[in-house]
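Below you'll find the structure, written out as structure tokens, and then a few comments.
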Amino acid sequence: MIDPLERCREHGEKPDYAGLLTYGGLPYTEDPGELVGIDVAIVGAPTDDLVSDRPGARFGPRAIRAASCPAGPHLEAKIDAFAALRMVDFGDAAVLPADAKRTHAAIEATVGQVLDANAIPIVLGGDHSIAEPDIRACAAKHGPVGLIHFDTHTDTGKQVFGVELSHGTPMYRLVEAGDVTPGRYVQIGLRGYWPGEREFAWQAERGITSFFMHDVRERGIRVVVDEALRRVGAGPMFLSVDVDVLDPAFAPGTGTPEPGGMTSADLLWACREIGARSELVGADVVEVCPSGIGSSDVTALVADRIVREILTGVALSRRNAS
């Protein structure tokens, strides 16, 4: 088997605007055999069939890849994740437009191939419904997982507009199915006008922890993240980031924007810290609805940096453990 990393190096380094469009210029493969020895694989989940408001997240994975910057050291963390970790871009799951169930099955299978190679999948969405197959695949590999979930909304509806499979229902379905341990599930950044009393009553009965935006503002992101990590505790954990947790000033290109959200600086720090201090087995970044191409799209740009901070956190975690 040809090492995809060595194959990439043989062809020389290219600027970020040249060559095949992959995340951060990573070597590309769709061959599960080439995942052997890989630490992290980027996976695209380009679907938005289950949104309830603005469409466009199906173009998110391509936009995030286009906005991604080449390898280099993190100036604050003093580590280069691309040098510290063996990574590939594993391409996109074989989504099927207008058939959400088969699309989810394809996403779960693709993420499962990454997990079978003992690598960490980082999934580029796509609407937030993709969290269901992402996390389900992780639970099949590792058992029920903890979850830290950045979002304006809880996504714990039993139904949205009378439909059970939606970008507003994945966390309800995952908890009910036993794939997420509710006592190890923490939401951060909630605000706005949905959901309602029924959903929060269901969450309270199961011991799910919610931090609203007023908690982040009043207590500070460091205190909130410390408490979130304490509640999730030891064991396998998934990180799910809906970019609408950010204030629209920082991420206008998303399906359900809500003013009064997090700053990009707080969210980027939080993602790095969580990656460094948890047993991360997978992550996704979702609901990017691009409005332009490449780094001209500020939402895709911040989504790329969210991914980069997660990778930096994983690299720090492994360096600290060695």
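Excluding ligands, DNA and RNA, the accessible surface per residue across segment 164-302 is 38 Å² with a 1.4 Å probe. Selection among I306, V114, L280 by position relative to the dipole of the chain gives L280 as farthest towards the positive end (Cβ unit charges, Cα centre).
If you take the Cα centroid of segment 69-112 and the Cα centroid of segment 185-220, the two points sit 28 Å apart. Residues considered: V286, V216, V243. Largest GNM mean-square fluctuation over the chain, using C-alpha springs under 10 Å, is found at V216. Give the label of the value calculated from the structure for P(r) over Cα pairs in 20 Å bins from 0, in percent, choosing from (i) 36, 60, 5; (ii) 28, 32, 12, 18, 10, 1; (iii) 28, 40, 23, 9, 0. The calculated read-out lines up with (i). Within the accessible area of segment 238-316, the carbon and sulfur atoms contribute 57%, probe 1.4 Å, all protein chains present. Protection proxy ranking for 21-34, 128-141, 268-281, using the average of other Cβ atoms within 10 Å per residue and placing the highest first: 128-141, 268-281, 21-34.
When the expected Rg is taken as 2.2 N^0.38 Å, what fraction or multiple of it is the alpha-carbon Rg of segment 173-322?
So the Cα radius of gyration is 1.05 times the expected 2.2 N^0.38 Å.
Net charge of the neighbourhood of S278, taken over other residues with C-beta under 14 Å away and scored Lys/Arg +1, Asp/Glu -1, is +1.
Taking the DSSP beta bridges in the chain as the whole, what percent of them are antiparallel, to the nearest 5?
Details: 2 of 38 bridges.
The answer is about 5 percent antiparallel.
Cα centroids of segment 28-68 and segment 142-179: 20 Å apart. Other residues lying with their Cβ under 15 Å from the Cβ of R230 contribute a combined charge of 0, Lys and Arg counting +1, Asp and Glu -1.
The values are calculated or read from the model by the stated rules, or taken from the named source; none is laboratory data. Note that the coordinates shown come from a computational prediction; the quantities given were computed from them, not determined experimentally. A quick note on method: Cβ atoms are made from the backbone with ideal geometry, for glycine too, and the neighbour counts reach across all protein chains shown. Note: areas computed on protein heavy atoms with side chains; ligands, DNA, RNA excluded. Shrake-Rupley method; radii C 1.70, N 1.55, O 1.52, S 1.80 Å.
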